[in-house]
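Right, one structure below, let's go through it.
Just so it is clear, none of the values below were taken in a lab; they were calculated from the coordinates. Keep in mind that what you see is a predicted model, and the values were worked out from it rather than measured. Because the Cβ atoms are built from the backbone with ideal geometry, glycine has one as well, and the counts that use them run over all protein chains shown.
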Amino acid sequence: MKRFVIILAILSLFSFSAKAEDTDYSFATYWENLKNNVNNTWNSSRYDIYLPFYAWHNRLTYDQDHLDKYNEEAWGFGLGKSYYDRKGNWHGLYAMAFKDSNFYLETIFGYAYIKNWFVNCRRDFSVGVGYTLSLTQRHEYSYIPVPLPLPIAGITYKQFSLQAAYVPGIKNDGNVLFMWIRYAIN
């Protein structure tokens with residue numbers, strides 16, 4: 001539970017970017033901005049394909065016995081919708097299914113936000129950091145949806161993005177960098 005509270009506190013630092021002119025940083029303002037961004041994303045005409053492909057287990061937190069038995073090829077597929085706000089920040093709604101570390105099916109779906117910084121003048125190459133508010137379903141939990149707020153980062157060039165989320169954890173559990181490619185169809 002302590003990890004969950006710390007993650008939420010960190011994620012809240014990224015959450016107040018929808019309106020720079022707002023000076024009221026209350027939960028009500030955050031909630032209203034989040035609802036507006038989710039609504040704008042849902043109503044967007046931009047569709048995305050997600051290709052999960054890798055789940056790196058942090059070598060500093062796993063012993064070799066666990067590393068030898070875990071799957072790091074997290075191949076899967078997903079679909080989503082996305083929206084860029086007037087500042088160029090990315091918002092996405094997504095659903096993905098992939099092979100987890102134990103070779104079982106895992107699903108994840110939710111909302112994601114990435115604050116972007118553009119690297120070139122044409123604004124077609126960017127890097128960014130943000131968060132996702134998601135639910136995952138795993139075999140260990142009998143596929144009951146479990147909340148999974150995570151920090152994420154991405155590098156985007158035109159329609160292609162390499163994105164990743166870090167799942168914090170303890171020794172031999174969690175501490176996984178989950179990576180996927182996102183392709184904007186239109």
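Taking Lys and Arg as +1 and Asp and Glu as -1, the other residues whose beta-carbon sits under 14 Å from that of GLU140 total -2. In the chain, the longest principal axis of the Cα atoms and the axis of helix 2-14 are about 30 degrees apart. Between TYR143, GLY76, GLN163, the Cα set farthest toward the positive side of the dipole of region 2-184 (charges on each charged residue's Cβ, about the Cα centre) is that of GLN163. To the nearest whole percent, what portion of all C-alpha pairs in the chain is separated by more than 24 angstrom? So the pairs more than 24 Å apart make up 39 percent of the total in the chain. Roughly how tilted is helix 27-42, in degrees to the nearest 10 and between 0 and 90, from the longest Cα axis of the chain? Tilt of helix 27-42: around 90 degrees.
When exposed loop sites are taken as GluC sites (Glu not before Pro) in a DSSP loop with at most 16 other Cβ atoms within 10 Å, the longest stretch of the chain clear of them is 74-186. Comparing mean-square fluctuations of ILE108, ILE152, ILE144 from a GNM of the chain with C-alpha springs under 10 Å, the top value falls on ILE144. Taking Cα centre as origin and charging only the Cβ of basic (Lys, Arg, +1) and acidic (Asp, Glu, -1) residues, the dipole magnitude of the chain rounds to 520 debye. Here region 80-137 is assigned +1 on the Cβ of each Lys and Arg and -1 on the Cβ of each Asp and Glu. Its dipole about the Cα centre then comes out at about 340 debye.
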